[in-house]
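K.L.:
Below are the C-alpha cells for one structure; questions will follow.
The values are calculated or read from the model by the stated rules, or taken from the named source; none is laboratory data. The shown structure was predicted, so the numbers you read here are calculated from the model rather than taken from an experiment. Cβ coordinates were reconstructed from backbone atoms using ideal geometry, including for glycine residues, and neighbour counts include every protein chain displayed.
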Number of protein chains: 2
Amino acid sequence: MLIVQKYGGTSVGNVERIRDVARKVAKTRDEGHDVVVVVSAMSGETDRLLSLAHEVSEAPAEREVDVLLSSGERVTIALLSIALNSMGYPAKAFTGRQVGIVTDGVHTRARIERVGGERVREALKQGIIPVIAGFQGISGESDVTTLGRGGSDLSAVAIAAALKADLCDIYTDVEGVFTADPNIVSEARKLDKVSYEEMLELASLGAKVLQNRSVEYAAKHGVRLRVLSTFKEGSGTLLTEEDADMEKLAVSGVTCDRNQAKITIIGVPDRPGIAAKIFGPVADANIVVDMIIQNVSQESLTDISFTVPRPDVKKTIEMMRSVVKDIGAKELEVKEDIAKVSVVGVGMRSHSGVAVRMFSVLSKEGINIMMISTSEIKISCVIDAKYAELAVRALHRAFELEGA
Amino acid sequence: MLIVQKYGGTSVGNVERIRDVARKVAKTRDEGHDVVVVVSAMSGETDRLLSLAHEVSEAPAEREVDVLLSSGERVTIALLSIALNSMGYPAKAFTGRQVGIVTDGVHTRARIERVGGERVREALKQGIIPVIAGFQGISGESDVTTLGRGGSDLSAVAIAAALKADLCDIYTDVEGVFTADPNIVSEARKLDKVSYEEMLELASLGAKVLQNRSVEYAAKHGVRLRVLSTFKEGSGTLLTEEDADMEKLAVSGVTCDRNQAKITIIGVPDRPGIAAKIFGPVADANIVVDMIIQNVSQESLTDISFTVPRPDVKKTIEMMRSVVKDIGAKELEVKEDIAKVSVVGVGMRSHSGVAVRMFSVLSKEGINIMMISTSEIKISCVIDAKYAELAVRALHRAFELEGA
C-alpha cells in the first residue's frame, strides 16, 4: 500500500517525539508499505513566530507573515528526515514548493489549486521516504503561501489525492471520532467508520478533530482518510463513502456547540424585503449566521431570531441597532448563554421519527427548546447552556450510542 | 546610488534591534538612495538549530541540515520586511531561491555559481525595498543549499555584483579594519581605506572582519565594499583597488595569529622527492600548511619546519611519525606556543627596507625569530607566543601606525 501519514504539532513537539514519529514511520515501512510523511511545525512554534511578528507590527504584512510561518515546518521536515536517515531509512525533506503544491495568492489562507508531486513520486521510486512540509504552498508569483488553520491536514489529503494513495492517516492527539465528547459522556464510544457527510456535520458542530475543508477535499477526491492517535495504539476512525453498515443506526453521534449566541429582533413589521435588510449587513461583514427562526406573524408583526458566533456578537449588535431603527422594529434581545445540541447520522434517511424522539427526550428532562433546525442527516436544538451536558448525556443514552 | 546593506546576526538579534535596522534602512532611503538589504539569522538561531540536529543524530545528513538552517534567515527577512512596511516603507522578503542565487550541490558549504536578481530589479523598479535572506541558495536540483561560515557576507557581495551596486555596506559589530587589534594596541587606528589585497592578508592573518572569499569575490567583480558598525555611527573602512594614497605608507597594519603550531622534522636526508613525501599526506588530509622552512643542508642532512593550524596538530603528528620512519629522519619536534606576527601593506612595493626594520625592532626587544616568510605585501615572523603582544605593540609604534 501507499500510505500518507500526517503528524501534527504535538506529535513532533520535541526531539524525543520526533524520534518516536521516525520509529512509527520506520515500522510502517518495515511492514512493506510505501510511506509519505507530512508534518506540521513543532507545537508552539507557529505561535512563537506570530508573536514575534506582532511585536514588530500590529498589522504585519500577510505576504511576509507567510515567509515567517513557513520556516516552522522546514525545521520539522529537516529534523524528521535526519532522524530517519540516522536509523538507516533513506529520507528526504521537501518543502511545499518542491512538492509542487500550487495555491492561489491569498496569503495566510491560500487555497490549493493543484499538486504536482513529481519529486515525491521520484523519491518513492528510489526507495526514499519523502518528508513533506504541511501548511505551505507556492503561489503563481512563486511566493510562499500558507493554508490557514488545519492547513497541514489539507496538505496531507491533497498529496494523498495527487499520489492516489491507498490511505491517508492523520495522526493527532485523539483516538478518533467519538459518538460524543468523552469529557461529557463517559460511555462515549469511538466510531470505527464514519461517512464524509456525517464527519462534516460532526466537525462543524464541534467535534474538532478535522477541519471541514480537509474532509470536503477527501470526499471530492475519494481519499480514504483515517484519524488516529500518535500516542496510543489503535485503529482510529476511517472516513469513507456511506455504506449499508452505517445505515443500521439512526444516529452516529451527539454534538454540542457552545460558541453561538442568539439574537432576537422583536416586533418586526412583516413585509417583503425585511429579511434582506437584516441579514444583508451581517453577510457583508463576513459573519456566519447559523440558524434563523421567524415566528408566525401576529397583527403584521413578527419576531426574528438568529445565531452568530459569540466573538461576533458585539459587532452584530451594533449593526442591528441601526437596522432596528431603520425597519421600525420594537426591540433587540441578546442571549449568550445558549448551546446548540445536535444528533447526526446518515441513518436518519431511512429511520423516521428521530426528530420526535429527540424532542421528547429533551422535554422529559425538562429542557426548553428555543430554536430547531433540521437537515437530511442532522437535527439541532438550541437550549439553555446550563442544560447542555444533561441534554447530550440523555440523547446519547436514548439513541443507544454506548452499545457496541 | 544603489546600496546593498548587509546586517549580521547580532545586528538583528532581537525585535528591538530589527526595528533599529529598519530605521537605518529607512534613513538611507530617505537620503535618496535605492537600498537592497541582506540579513543573517538572528544571533544564536543557527546554533540552536544545529544543536537540535545533533540531538537527533550524531552525523545529520547535510542536505537536511541545509533545509533546517535556511529557516533561520526566513524569520529575519520576514520580520524586517514587516517592520519596514509598518513604518510606511514598502518592502518584500525574498529567499535565496527567489533572488536566483544558484550554487553547486555541495551542501553546508556550497559555492555560488550565478546570481539572477530578476525579482530584486523588478522590486526596485516599483520602489520596493528587497529584503534578502543571506547564507542560502538553491542547487541545480532545486534543493536549498547554504554557503558555510561568513556566507551572508558573500551573498551580499554577490548580489551587489549582480546588480552593479554602487556600494556594498557590511554592518557588523566592529567599526572597521584597524591597524592592529585594539585589545592589544590601545592606539590602534581605524583605516579609512584598504586595498582588497591588503584585506586578504589582514583577514587570513587574524583580522577576522570579513571572510576571504567575500573579499576575493568583491575584488574579482570590482564591488566597492565597506565594513562598518551597526551600533556606532562612523564611516567604516572602504575596500577598493590600490591607489596612490595607500602607497604613501610602507605598512598598513600589524596582525598576530596564535592559532598555528610549529612542527620540525630533524635530520632529514637531503635528496629529491623528500618534500613530497612529507607534505603529500598532509595535503591529502586537507590540512593547510602555512609556512615551510628548510635549513641549509649539512652533511646531506637537513631540518624541515612547517606550521599547521593548532586543531590539526594531533592528526599531523600521527602522519609524521610514519613519515619520519619512512624517510629515515632522526626525530620530530612540536612547538605549540608560537605566534605569527605580520606587517602588511601595499606600500612595501615602493618602500624598501621594511623587512630589515621589522627584524631589528624584534631584536631590540630581545625577541628571537624562529621562522620568516615574505610576500610582495607582507612579512611574517614566527616567535615565541609569550612575546606576541610585545612584538605587535613595538611594530605598531616603529611603523608609526598610530599617526593620522
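K.L.:
Is it the case that A:GLU55 is buried (at least 24 other Cβ atoms within 10 Å of the Cβ) and not hydrophobic (A, V, I, L, M, F, W, C)?
P.N.:
So A:GLU55 does not fit the description; no.
K.L.:
Just give me the residues in the stretch B:59-82 being out of contact with any Phe, Trp or Tyr (no Cβ under 9 Å at 6 or more places or on another chain) and aliphatic (A, V, I, L, M), in sequence order.
P.N.:
Of everything in the stretch B:59-82, those that are out of contact with any Phe, Trp or Tyr (no Cβ under 9 Å at 6 or more places or on another chain) and aliphatic (A, V, I, L, M) turn out to be B:ALA59, B:ALA61, B:VAL65, B:LEU68, B:VAL75, B:ALA78, B:LEU79, B:ILE82.
K.L.:
Another question, then. Checking B:SER40 against (1) crowded, with 20+ Cβ neighbours inside 10 Å; (2) of a type in the set (S, T, N, Q); (3) over 12 Å from B:THR230 (Cβ atoms), which test does it fail?
P.N.:
Here B:SER40 meets the rest and fails (3).
K.L.:
Moving on. Would you mention how many residues in the stretch B:360-383 are exposed (fewer than 15 other Cβ atoms within 10 Å of the Cβ), more than 23 Å from B:LEU191 (Cβ to Cβ) and either within 28 Å of the chain's Cα centre (by Cα) or not charged (D, E, K, R) (or both)?
P.N.:
5
K.L.:
Out of A:SER86, A:SER70, which single residue is among the hydroxyl-bearing types (Ser, Thr, Tyr), at the interface with chain B (Cβ under 9 Å from one of its Cβ atoms) and surrounded by 24 or more Cβ atoms within 10 Å (Cβ to Cβ)?
P.N.:
Step by step, each of A:SER86, A:SER70 is checked, and only A:SER70 is among the hydroxyl-bearing types (Ser, Thr, Tyr), at the interface with chain B (Cβ under 9 Å from one of its Cβ atoms) and surrounded by 24 or more Cβ atoms within 10 Å (Cβ to Cβ).
K.L.:
Shifting gears a bit: Regarding A:TYR217, is this residue closer than 21 Å to A:ILE112 by Cβ, touching a strand residue (DSSP E or B) at 6+ places or on another chain (Cβ under 6 Å) and not hydrophobic (A, V, I, L, M, F, W, C)?
P.N.:
Numbers: closer than 21 Å to A:ILE112 by Cβ: yes; touching a strand residue (DSSP E or B) at 6+ places or on another chain (Cβ under 6 Å): no; not hydrophobic (A, V, I, L, M, F, W, C): yes.
In short, no.
K.L.:
Quick test for you: out of B:ARG97, B:ARG121, B:ARG63, B:ARG109, pick the one residue that is charged (D, E, K, R), in contact (Cβ under 8 Å) with a residue 24 or more places away in the chain and within 27 Å of B:VAL15 (Cβ to Cβ).
P.N.:
B:ARG97
K.L.:
Condition first: under 27 Å from the mean Cα position of the chain (by Cα) and either of a type in the set (A, V, I, L, M, F, W, C) or at pLDDT 95 or above (or both). Now tell me which residues in the stretch A:279-306 satisfy that.
P.N.:
Listed by number, the residues that qualify are A:PHE279, A:VAL282, A:ALA283, A:ALA285, A:ILE287, A:VAL288, A:VAL289, A:MET291, A:ILE292, A:ILE293, A:PHE306.
K.L.:
From B:VAL36, B:VAL25, which residue is assigned to a strand (DSSP E or B) and either touching a residue at least 40 places away in the same chain (Cβ under 8 Å) or more than 11 Å from chain A (Cβ to nearest Cβ) (or both)?
P.N.:
Result of the check over B:VAL36, B:VAL25: B:VAL36.
K.L.:
Based on this model, can you work out whether B:ILE77 counts as of a type outside the set (S, T, N, Q), over 18 Å from A:SER81 (Cα atoms), within 27 Å of the chain's Cα centre (by Cα) and at the interface with another protein chain (Cβ under 7 Å from one of its Cβ atoms)?
P.N.:
It is true that B:ILE77 is of a type outside the set (S, T, N, Q), over 18 Å from A:SER81 (Cα atoms), within 27 Å of the chain's Cα centre (by Cα) and at the interface with another protein chain (Cβ under 7 Å from one of its Cβ atoms).
K.L.:
From (1) more than 9 Å from every other protein chain (Cβ to nearest Cβ); (2) buried (at least 24 other Cβ atoms within 10 Å of the Cβ); (3) closer than 19 Å to A:PRO60 by Cβ, pick out the condition that doesn't hold for B:GLY96.
P.N.:
(3)
K.L.:
Give the residue that is nearest to the other protein chains (Cβ to nearest Cβ), with candidates limited to residues of the stretch B:99-116 that are over 11 Å from B:VAL131 (Cα atoms) and buried (at least 23 other Cβ atoms within 10 Å of the Cβ).
P.N.:
The selected residue is B:ILE101.
K.L.:
Filter the stretch B:241-266 down to the residues that are closer than 22 Å to B:ILE338 by Cα and surrounded by fewer than 17 Cβ atoms within 10 Å (Cβ to Cβ) and list them by number. Walk me through it before giving the result.
P.N.:
Going through the stretch B:241-266, the residues closer than 22 Å to B:ILE338 by Cα turn out to be B:253-266.
B:ARG258, B:ASN259, B:ILE266, listed by residue number.
K.L.:
Considering each of A:VAL254, A:VAL268 in turn, give the residue that is touching a His at 6+ places or on another chain (Cβ under 7 Å) and farther than 25 Å from A:VAL21 by Cβ.
P.N.:
Sole residue among the options that is touching a His at 6+ places or on another chain (Cβ under 7 Å) and farther than 25 Å from A:VAL21 by Cβ: A:VAL254.
K.L.:
If you take the residues in the stretch A:39-58 that are free of Cβ contacts under 8 Å to residues at least 24 places away in the same chain, in contact with a Ser or Thr (Cβ under 9 Å, 6 or more places away or on another chain) and of a type outside the set (Ser, Thr, Tyr), which one is nearest to the other protein chains (Cβ to nearest Cβ)?
P.N.:
A:VAL56
K.L.:
Output the residues belonging to the stretch A:89-104 that are closer than 18 Å to A:ASP153 by Cα and aromatic (Phe, Trp, Tyr).
P.N.:
Answer for the stretch A:89-104, where residues must be closer than 18 Å to A:ASP153 by Cα and aromatic (Phe, Trp, Tyr): just A:PHE94.
K.L.:
Output the residues belonging to the stretch B:147-164 that are in a loop (DSSP other than H, G, I, E, B) and either out of contact with any helix residue (DSSP H, G or I) (no Cβ under 8 Å at 6 or more places or on another chain) or buried (at least 22 other Cβ atoms within 10 Å of the Cβ) (or both).
P.N.:
Listed by number, the residues that qualify are B:LEU147, B:GLY148, B:ARG149, B:LYS164.
K.L.:
Do we have A:GLU141 as more than 27 Å from the chain's Cα centre (by Cα), within 14 Å of chain B (Cβ to nearest Cβ) and in a loop (DSSP other than H, G, I, E, B) here?
P.N.:
So A:GLU141 fits the description; yes.
K.L.:
If A:SER11 passes every condition in (1) surrounded by 22 or more Cβ atoms within 10 Å (Cβ to Cβ); (2) at the interface with chain B (Cβ under 8 Å from one of its Cβ atoms); (3) among the small types (Gly, Ala, Ser) but one, which one does it miss?
P.N.:
(2)
K.L.:
Can you pull out every residue in the stretch A:172-188 that is over 24 Å from A:SER11 (Cβ atoms) and either among the basic types (Lys, Arg) or free of Cβ contacts under 8 Å to residues at least 40 places away in the same chain (or both)?
P.N.:
Listed by number, the list holds a single entry, A:SER186.
K.L.:
Of the residues that make up the stretch A:173-189, is at least one buried (at least 22 other Cβ atoms within 10 Å of the Cβ), touching a Lys or Arg at 6+ places or on another chain (Cβ under 6 Å) and at pLDDT 95 or above?
P.N.:
Taking every residue of the stretch A:173-189 in turn, none turns out to be buried (at least 22 other Cβ atoms within 10 Å of the Cβ), touching a Lys or Arg at 6+ places or on another chain (Cβ under 6 Å) and at pLDDT 95 or above.
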